[in-house]
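Just so it is clear, none of the values below were taken in a lab; they were calculated from the coordinates. Keep in mind it's a predicted model, so treat the numbers as computed, not measured. Cβ: placed from backbone, ideal geometry, glycine included. Neighbour counts: every protein chain shown.
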Amino acid sequence: MPDEASLRDHAIRTFGDPDRAHIWLARPTTALEGRRPEDLLNHEAGRQKVLLLLTRIDHGLAS
């Protein structure tokens, strides 16, 4: 399971820019039941959800 720093790096790669990644991490999303991705990075289950969502975005399956 990736750690918080790895997921932040993944978000930067996904969005192509650190600022865009930061905005995405800080904004609530319906894909995470209205929660902010950054609020889920402090525990393994939350990191798994963020990883899954980033992977879906990478493949054009979610936003």
How many nm separate the modelled label positions at Glu4 and Ala26, each set 7 Å beyond the Cα in the direction of the Cβ? 1.6
Which of His22, His59 comes first, and how do the rest follow, when ranked by fewest Cβ neighbours within 10 Å? His59, His22
DSSP-loop GluC sites (Glu not before Pro) across the range 1-57, with at most 11 other Cβ within 10 angstrom: Glu33
Descending Cα extents along the principal axes, the range 4-58, whole Å: 24, 20, 18
